Amino acid sequence: MNYQQLLALFKETHLELQQRAARSVDTSLVIRNWLFGWYIVEFEQGGSDRAEYGANLLKTIAGQLKLKGCSERSLALCCKFYLTYSGILQALPAKSSDNSIGSKGDSTDTACYIL
């Protein structure tokens with residue numbers, strides 16, 4: 001191996017691993033957004049607290065979390081994403097008999113509003 005080949009190897013390795021890292025981040029954010037939507041929809045459908053929070057739930061969550069990517073609008077989009085792809089767990093292969101995410105309820109009645 002000569003010096004130019006060594007440099008090329010560094011560049012190829014860097015580019016490949018940088019692309020893999022970006023794909024991993026994208027996948028993680030998709031999972032996070034789906035889960036956030038699931039949490040909100042399931043909470044809203046839980047019953048007793050629903051009337052108390054109403055349409056202000058997303059605003060309240062966003063205001064108290066103060067996390068990047070968790071604005072009221074982003075959370076509304078997470079709800080929409082979850083509702084659109086709520087059957088995704090059925091498409092995933094079962095890795096164990098204990099499903100740590102849980103099963104979804106009926107998501108037809110929700111207060112997740114798209115702003």
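The values are calculated or read from the model by the stated rules, or taken from the named source; none is laboratory data. The model shown is predicted, which means the values in this text are computed figures rather than measured ones. As a convention, Cβ positions derive from the backbone with ideal geometry for all residues, glycine included, and neighbour counts pool all protein chains shown.
Tabulated results
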item: Residue check, residue 23 at pLDDT 90 or above and of a type in the set (Lys, Arg); result: no
item: Check on residue 76, surrounded by 13 or more Cβ atoms within 10 Å (Cβ to Cβ) and either part of a helix (DSSP H, G or I) or modelled with pLDDT under 90 (or both); result: yes
item: Selection count where residues are in a loop (DSSP other than H, G, I, E, B), under 11 Å from residue 41 (Cα atoms) and modelled with pLDDT of 85 or more, scope region 79-115; result: 1
item: Unmet requirement for residue 42, which otherwise passes all of (1) modelled with pLDDT under 90; (2) surrounded by 15 or more Cβ atoms within 10 Å (Cβ to Cβ); (3) out of contact with any Lys or Arg (no Cβ under 9 Å at 6 or more places or on another chain); result: (3)
item: Condition met for residue 53 (in a helix (DSSP H, G or I) and at pLDDT 70 or above); result: no
